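Notes follow the structure.
The values are calculated or read from the model by the stated rules, or taken from the named source; none is laboratory data. None of the values given here were measured: they were computed from a predicted structure. Because the Cβ atoms are built from the backbone with ideal geometry, glycine has one as well, and the counts that use them run over all protein chains shown. Side chains included, ligands, DNA and RNA excluded: accessible areas come from the protein's heavy atoms. Shrake-Rupley method; radii C 1.70, N 1.55, O 1.52, S 1.80 Å.
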Amino acid sequence: QVQLVESGGGLVQAGGSLSLSCAASRTIFNVNAMGWYRQAAGNQRELVARITKGGITSYADSVKGRFTISRDNAMNTPFLQMNSLKPEDTGVYYCNVEWIVDGFKGNYWGQGTQVTVSL
């Protein structure tokens with residue numbers, strides 16, 4: 001079993017930046033994709049950014065041009081750079097790693113890290 005732990009969350013003012021990291025208990029093999037999700041109070045969890053094994057990235061429309069997802073090559077976990085933060089970005093951010101082996105797919109999840117953006 002792999003444990004994921006997010007770090008880098010905190011309180012920032014609108015327009016500021018934060019970087020989120022995802023530490024894994026061991027290197028993850030057979031990664032198909034990885035990404036970051038968030039859940040704001042009173043809202044459903046949503047995909048923020050995703051990067052595939054081949055390096056293809058995708059973003060929620062609300063964060064395009066402001067957030068950048070990349071890969072930690074050593075551990076196969078995602079990193080998220082967040083710029084020009086808005087109060088609407090406030091929420092708990094979760095690291096996700098999707099693996100696939102012989103057609104079987106599964107996910108690892110972190111416990112979440114709080115991001116709060118003040119006006």
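Here are the numbers for the structure shown:
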item: Matching option when the condition is open to solvent by less than 60 Å² (accessible area, probe 1.4 Å), modelled with pLDDT of 95 or more, in contact with a strand residue (DSSP E or B) (Cβ under 6 Å, 6 or more places away or on another chain) and not aromatic (Phe, Trp, Tyr), among THR68, THR116; result: THR116
item: Residue satisfying condition, being in contact with a helix residue (DSSP H, G or I) (Cβ under 7 Å, 6 or more places away or on another chain), open to solvent by less than 50 Å² (accessible area, probe 1.4 Å), closer than 21 Å to VAL5 by Cβ and modelled with pLDDT of 95 or more, within set VAL97, VAL48, VAL92; result: VAL48
item: Flag if GLY15 is closer than 16 Å to VAL117 by Cα and assigned to a loop (DSSP other than H, G, I, E, B); result: yes
item: Given (1) within 17 Å of CYS22 (Cβ to Cβ); (2) modelled with pLDDT of 95 or more; (3) out of contact with any Ser or Thr (no Cβ under 9 Å at 6 or more places or on another chain); (4) open to solvent by 60 Å² or more (accessible area, probe 1.4 Å), number of the condition ASN73 does not satisfy; result: (2)
